[in-house]
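Contents: one structure, followed by commentary.
The values are calculated or read from the model by the stated rules, or taken from the named source; none is laboratory data. From a predicted model like this one, the values you see are computed outputs, not experimental measurements. In this analysis, Cβ positions are derived from the backbone assuming ideal geometry, glycine residues included, and neighbour counts consider all displayed protein chains.
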Amino acid sequence: MTRTLAFPAAAPAEAVAYFSAELGFEVDPDDLARDLDAGRVEGYVVVETRAPEAFAQAHIPGAINLPYRDMTPENTAHLDRDLVYVCYCESINCNAATKGALKLAELGFQVKRLSGGITSWIAAGYPVDKTDHQPGEAAQAAAGIRCAC
C-alpha cells in the first residue's frame, strides 16, 4: 500500500462538509486580489493584524490596521458587524491573523483569514501600499516583510 492511501479517503459527503467548512474560514490571495481589482469590495474589510510599523512598511491596498494585541470591545465598537473581516499577517509562519480572527470572532464579528499572509500576496505579484510611500520602494518594502506581531 502507498503512503498516499494508507488512510482511506473520506466519503464524498464527508469531504463536501469538511472542505466547505474550510473555505468558510479562509480566502486565498488570488480570490481577494481579483475582487479588489474588480472593485468588488462590498461585504468585507481587509484587516492587517500586525503592528503599525509592519502596516506602514507594506500592506494590502485598502486594508485597515487593527493589531490583534490591541483589539478590545471599545476600539472595535465602530466596526460594522454586518461585514466579514478578512484578517492577514506576515505568512504561514505567523499566527497574528489567527489571533486577530479569534479576537474579532469572540467580539461577535464574522471573520475569515487570508491564506499565506502578505508574503503569499507579494509572491503572487499583487500590489502593496505603504503608509509613507516613496516611488519604487514597494519591492524593497516587500523584501523586508517580517512577523512584527
Exposed (fewer than 15 other Cβ atoms within 10 Å of the Cβ) and in contact with a strand residue (DSSP E or B) (Cβ under 6 Å, 6 or more places away or on another chain), is that true of PRO73? no
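Could you please let me know if THR2 is of a type in the set (S, T, N, Q), out of contact with any His (no Cβ under 7 Å at 6 or more places or on another chain), farther than 21 Å from PRO127 by Cα and modelled with pLDDT of 95 or more?
So THR2 does not fit the description; no.
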Output for segment 1-23, where each listed residue is under 16 Å from the mean Cα position of the chain (by Cα) and surrounded by fewer than 11 Cβ atoms within 10 Å (Cβ to Cβ): GLU22
Assuming THR49 fulfils every condition listed in (1) exposed (fewer than 11 other Cβ atoms within 10 Å of the Cβ); (2) of a type in the set (S, T, N, Q); (3) closer than 26 Å to GLY108 by Cβ apart from one, which condition is it? (1)
So in segment 24-40, with the set limited to residues that are surrounded by fewer than 15 Cβ atoms within 10 Å (Cβ to Cβ) and part of a helix (DSSP H, G or I), which one is farthest from the chain's Cα centre (by Cα)? ASP37
So, of the residues in segment 76-106 that are under 13 Å from GLY116 (Cβ atoms) and more than 10 Å from the chain's Cα centre (by Cα), which turns out to be surrounded by the most Cβ atoms within 10 Å (Cβ to Cβ)? CYS94
Residues being at pLDDT 95 or above and under 16 Å from GLY117 (Cα atoms): count how many of those fall in segment 37-58. 5
Can you pull out the residues in segment 42-71 that are over 19 Å from GLY125 (Cα atoms), part of a loop (DSSP other than H, G, I, E, B) and not basic (Lys, Arg)? GLU42, GLY43, THR49, ALA51, LEU66, PRO67, MET71
Looking at (1) more than 13 Å from the chain's Cα centre (by Cα); (2) under 21 Å from SER91 (Cα atoms); (3) aliphatic (A, V, I, L, M), find the lone condition where ILE60 falls short. (1)
